[in-house]
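The structure appears below as structure tokens.
The values are calculated or read from the model by the stated rules, or taken from the named source; none is laboratory data. Just so you know, these numbers come straight off a predicted model, no measurement behind them. Backbone-built Cβ (ideal geometry, glycine too); neighbour counts: all protein chains shown.
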Amino acid sequence: MESRRAARTFLYVLFALFVISTAFTKFNPIDALLAQGEFWNFIFTDFIPPRIQRLGALFTAVKQTLYMAIGATGVSAVLSLILGFLGTPAICRFRLVGALVRGFASLLRNIPVLVWAFILVAAFGIGTAVGVVSLVISTVGELTRYFIETLDEIAGENIEALEATGAGMLPVITQAIVPAAMPSFIAWFLYCLELNIRASTILGMVGAGGIGLLMTGYIKQYNYGAASTAIIAVAAIIIGANLLTDYLRRVIL
Amino acid sequence: MARKATAAREVSRGLSRKLSRAEREVVYPLRNILEVGGLKKTYRSARKPAVKDVTFSVTKGEMVGVIGPSGAGKSTLLRCINRLVEPSAGHILIGGEEITGVPASKVRQLRRRIGMVFQHYNLVGRLTVMQNVMHGRLGYMSTLRGVLGLYSEEDKRQAVKILEQSELGEFLYHRADKLSGGQKQRVGVVRALMQQPSILLCDEPIASLDPARAQVIMELIRNVCKEREIACLVNLHQVEAAAKYTDRIIGMNGGEVVYDGPTANLSEQMVERVYGKPMDQLMIKGI
Ligand SMILES: Nc1ncnc2c1ncn2[C@@H]1O[C@H](COP(=O)(O)OP(=O)(O)OP(=O)(O)O)[C@@H](O)[C@H]1O
Ligand SMILES: [Mg+2]
């Protein structure tokens, strides 16, 4: 009874929010449906067929994008590992340090990667380095949190048993906690790698280099055929990354 | 005797000063490997103490069962002894050395001589039996060797020997999470033995095992303690197991010791007093 009333209230609220937000954004679902023709027309005549031009530039851009994602995820993993140990109360007993680490990570995490890239591009100009740094910033925020969750879960029992033998914290970390946490660490790493490959394709659009930059460039030049080749490359990268991480998950975990 | 009683009472008031050697010898004769005096523990979040006024001593090779209803303070008592839980007041002496109030590095040193066996085994599931057992040596190694896991050949030989004696010889390189509960607990006991402990603390070592396996574990614990003259404190839910395998029983209720005497003298009335309800209402798993 209670739950049904709650569900109904929830639906009313949702509907009200929908009405209010469409009114504010002047988004009209019916218009959107009617405008479909124009949209598809644009897609089919301008984007198809994809024009293959300057293949070298395309490959360089794809490579940049992949390097950006892989490099950033690697650097982030190392930083997050250190922060993860410092941020887990059962491992690092300086409460202040733990609180600072967790606060810092959540600050990094709660500002979207695109915003970081935007800020950094504004400050340092266009380039892949800026892309890497912005990916690192947001990935460290994410990974640190996941690592802390993982460590929190396994730390209790394992630490207790080994501390009871008189072992110091460092050996406990390398001999028990790391081996126990390894599968989760790898799983989170692969998850972030996947996210970063997606993100790095988009990052180019705000000027952080790679395939995204190339694509926005083509669109701005009304060179839709070439842009569509770049879009296909993006899709291929993302599908490839999914297949790769799925494969790694199956093999390693 | 009277002097000992007075001294013990003083200790039990939670004296913060260190005992002089002369006093210590009166209160804690040296054959007692473990001495607990006036132990009290109040958890920060709790109003009532989980353990209060607990005084007893254990000699080499003595097997002591600690029984009592849930929440009686059995685990708290055991954990105070190796300072996994910080005592609020009282003294604990391991082989004549104070473990309360000493700095962390000294605690680590003393812990090496105190093995612990857990209800849930607390093994690292992804590591092999051998690797888990070797963890018992970490306390004796330098930080660097410990971090790198460079165990000495001698220690490894020792591990293989004990594992073979406890019928785990064919599982040396099996992953710990692939073992049965009984095997896991045997690994837990061997890990503790690798410390060459003079005291063994077992917190509900058989609570997760079926009766047949429980029997094997209790026999293993009893045998090694007798062989190596290890003083053993074992928390047990099952009165039967305590009656069968221990020399002496400490009965706890509400954080206090309500019975302390030879297992043979434990009467039905005493058990009822410890658990606070009649014998036939006790939920007892057969063993
Ligand atoms: N970490 C803790 N923080 C606060 N209170 C605790 C903590 N651990 C135990 N207690 C409380 O202290 C009392 C004694 O608990 P303890 O675990 O020592 O009992 P026990 O005899 O081992 O019980 P059980 O048979 O259920 O294991 C209980 O009231 C318990 O709720
Ligand atoms: Mg308990």
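Annotations for the structure displayed:
- Residues (in contact (Cβ under 8 Å) with a residue 40 or more places away in the chain and part of a helix (DSSP H, G or I)) located in region B:172-182: B:176, B:177, B:181
- Meeting the requirement of 1 or more residues that are within 14 Å of chain B (Cβ to nearest Cβ) and at pLDDT 85 or above, the helices (runs of 4 or more DSSP H) wholly within region A:100-173 are A:128-163, A:169-172.
- Only one of B:136, B:169, B:182, B:149 that is more than 16 Å from ligand 2 (Cβ to nearest atom), of a type outside the set (A, V, I, L, M, F, W, C), buried (at least 18 other Cβ atoms within 10 Å of the Cβ) and at pLDDT below 95: B:182
- Failed criterion for residue B:119 (all others in (1) within 16 Å of ligand 2 (Cβ to nearest atom); (2) at positive phi; (3) surrounded by fewer than 21 Cβ atoms within 10 Å (Cβ to Cβ) hold): (2)
- Failed criterion for residue B:202 (all others in (1) at pLDDT 95 or above; (2) under 18 Å from the mean Cα position of the chain (by Cα); (3) more than 16 Å from ligand 2 (Cβ to nearest atom) hold): (3)
- Residues of region A:37-72 classified as within 25 Å of residue A:197 (Cα to Cα), in a loop (DSSP other than H, G, I, E, B) and hydrophobic (A, V, I, L, M, F, W, C), total: 1
- Of all residue pairs spaced 6 or more apart or on separate chains, those with beta-carbon atoms under 7 Å, a first member in region A:156-176 that is small (Gly, Ala, Ser) and a second member that is not in a helix (DSSP H, G or I) are A:156/A:90; A:161/B:118; A:161/B:122; A:164/B:82; A:164/B:84; A:164/B:116; A:166/B:112; A:176/B:124.
- Each residue in region B:112-170 was checked for being outside any helix (DSSP H, G or I) and out of contact with any Phe, Trp or Tyr (no Cβ under 8 Å at 6 or more places or on another chain), and 23 pass.
- Boolean, residue B:16 is at pLDDT below 60, of a type in the set (Gly, Ala, Ser) and either away from ligand 2 (no atom under 16 Å from the Cβ) or surrounded by fewer than 19 Cβ atoms within 10 Å (Cβ to Cβ) (or both): yes
For (1) closer than 23 Å to residue A:157 by Cβ; (2) under 20 Å from the mean Cα position of the chain (by Cα); (3) more than 16 Å from ligand 1 (Cβ to nearest atom), each residue gets a yes or a no:
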residue	(1), (2), (3)
B:64	no, yes, no
B:95	no, yes, yes
B:132	yes, yes, yes
B:153	no, no, yes
B:157	no, no, yes
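- Within region A:233-253, the set of residues being in contact with an Asp or Glu (Cβ under 8 Å, 6 or more places away or on another chain) and either loosely packed, with under 14 Cβ neighbours inside 10 Å or free of Cβ contacts under 8 Å to residues at least 24 places away in the same chain (or both) comprises A:242 only.
- Residues satisfying the criterion are absent from region B:90-106 (criterion: basic (Lys, Arg) and buried (at least 16 other Cβ atoms within 10 Å of the Cβ)).
- Close pairs from region B:99-119: first over 25 Å from residue B:183 (Cβ atoms), partner within 16 Å of ligand 2 (Cβ to nearest atom) and modelled with pLDDT of 90 or more, Cβ under 6 Å, at least 6 apart: B:111/B:82
- Hey, residue B:177 within 13 Å of chain A (Cβ to nearest Cβ) and at negative phi or not: yes
- Taken over region A:80-99, the criterion of being in a helix (DSSP H, G or I) and loosely packed, with under 15 Cβ neighbours inside 10 Å is satisfied by A:82, A:95, A:96, A:97, A:99.
- Selection within region B:59-75 - within 11 Å of ligand 2 (Cβ to nearest atom) and within 22 Å of residue B:230 (Cβ to Cβ): B:66, B:74, B:75
- So residue B:124, is it away from ligand 1 (no atom under 16 Å from the Cβ), free of Cβ contacts under 8 Å to residues at least 12 places away in the same chain and β-branched (Val, Ile, Thr): no
- In a residue-by-residue description of region B:89-107, the property of being away from ligand 2 (no atom under 16 Å from the Cβ), assigned to a loop (DSSP other than H, G, I, E, B) and at the interface with chain A (Cβ under 9 Å from one of its Cβ atoms) applies to no position.
- Among the candidates A:239, A:252, A:232, A:219, residue that is under 18 Å from residue A:189 (Cα atoms), among the aliphatic types (A, V, I, L, M) and over 19 Å from the mean Cα position of the chain (by Cα): A:252
- Condition met for residue B:64 (part of a strand (DSSP E or B) and among the β-branched types (Val, Ile, Thr)): yes
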